[in-house]
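One structure below.
Taken together, the values in this text are just the output of simple stated rules run on the coordinates, not laboratory data. Keep in mind that what you see is a predicted model, and the values were worked out from it rather than measured. Virtual Cβ from ideal backbone geometry, glycine too; neighbours counted across all protein chains shown.
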Ligand code: ZN
Ligand code: ZN
């Protein structure tokens, strides 16, 4: 944690900033180890201070040994934060403008410091994962693979999307997940054309393709995988679409290498789908990083300026969505290494027909 804080200060110093006020749950956890957002971190080159109230002081002492713990009288204790800022001598302080509520921001306006918005720079300290983080990500995905493999023995025609999602969520917990990375997506038949379909009362029918996008957390670290399964033999058009998405996904994995541009990776999969005449039906980006947050840098899209550095994570998730017919998405979660990448997902991508 100490090294992570030093890295943060190293990133902020060239921006003329001599301290950081950290308030988001993800970054509080990343920089201090504390797993609640009922805290504020103040970090400069000399000190690391965690302010929290009576309910959390024991937890903070246990989880954040690299931090001085200061007990505040209540949750957002502006005067007490101000006193620590004065003591630490911070003059220009980075804060996470991407996460702070307007109410909290208004109360922080009185702090005796110039607050400078730097969410992007702060978040990007998390860009390159350590070995420990990669192990956590691997474990999260191995739980997801095991849960999905068991789901395949249960899922059948006549189950509702909601039942499938509930079953999968239960299996994730059974195999050791702490919680979901995000709400499980199950889109069957025409609902598969909704990229982020909310599981509903629709019953799985013969000939459906079912898009299942899900993930779970281990030690706070997220997995993210999508598989599209068939309930009985699908029609020729859906089979063709499945084949194109799989070809695009495999082409992108084939091209994936460390230090390449994320935009270029997006272009590989998009090229395959466009060439097949379905360019308009792939309206989202190819992938995103994942870690303590389910969506974090880098981003693989048509506009991305990111480079896929060794230690970065990236999902590869092309899709084709046709209104009224259905959709296909196939997603793996990968970690770049010095000389290639590790695909964390081990579930088959050949079309599974139930
Ligand atoms: Zn996903
Ligand atoms: Zn994803």
Problem set entry | Residues in segment 251-272 that a label on residue 302 would reach, taking backbone N under 17 Å of a point 7 Å out along Cα→Cβ | 262-272
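Work out how much length residue 346 to residue 91 would gain on full extension: take 0.36 nm times their residue separation and subtract the Cα-Cα distance, in nm to one decimal.
Stretched out fully, the residue 346 to residue 91 stretch lengthens by 86.8 nm.
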Problem set entry | Rg followed by Dmax, in Å, when segment 270-331 is reduced to its Cα trace | 13.0, 41
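Quick one: of the DSSP bridges fully inside segment 131-353, what percent are antiparallel, nearest 5? Write out the running numbers ahead of the final one.
Numbers: 32 of 34 bridges.
Among the beta bridges of segment 131-353, antiparallel pairing accounts for roughly 95 percent.
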Exercise. So how tilted is helix 78-88 from the main axis of the chain? Cα-based, degrees 0 to 90, rounded to 10.
Worked result: 70
For this session: Please report, largest first and rounded to whole Å, the three semi-axes of the ellipsoid equivalent to segment 88-210, where each semi-axis is the square root of five times an eigenvalue of the C-alpha gyration tensor.
Result: 42, 20, 12
Exercise. By how many nm would the segment from residue 284 to residue 71 grow when fully extended, if each residue of separation counts as 0.36 nm and the alpha-carbon distance is taken off?
Worked result: 72.2 nm
Exercise. Can you tell me the Rg and the Dmax, both Å, for the Cα atoms in the chain?
Worked result: 22.5, 70
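Which order do the peptides 98-108, 44-54 take when ranked by the mean count of other beta-carbon atoms within 10 Å per residue, highest first?
On the way: 98-108: 13.5, 44-54: 18.7.
So the order, starting with the most tightly packed, is 44-54, 98-108.
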Exercise. If we sort 242-252, 62-72 on the protection proxy, mean other Cβ atoms within 10 Å, highest first, what's the order?
Worked result: 242-252, 62-72
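Can you give the Kirkwood hydrodynamic radius of segment 52-114 from its Cα pairs, in Å with one decimal? Don't skip to the answer; put the middle values down first.
Working: mean 1/r = 0.0770 Å⁻¹.
About 13.0 Å, per the Kirkwood formula over Cα pairs.
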Exercise. Helix 131-151 sits at what angle to the longest principal axis of the chain, using alpha carbons and giving 0 to 90 degrees rounded to 10?
Worked result: 30
For this session: Would you mind checking the tilt of helix 236-255 against the longest principal axis of the Cα atoms of the chain, expressed as 0 to 90 degrees and rounded to 10?
Result: 40
Exercise. Over all Cα pairs of segment 2-126, how is the pair count split among 10 Å bins, expressed in % and running from 0 up to the last occupied bin?
Worked result: 14, 52, 33, 1
Problem set entry | Estimated inter-spin distance, residue 114 and residue 36, nm [label 7 Å along Cα→Cβ] | 3.6
For this session: Can you tell me the FRET efficiency between residue 82 and residue 61 if r is taken as the Cβ-Cβ distance and R0 is 41 Å, rounded to the nearest 0.05?
Result: 0.95
Exercise. When you count, for each residue, the other Cβ atoms within 10 Å and take the mean per peptide, how do 211-223, 192-204 rank with the highest first?
Worked result: 211-223, 192-204
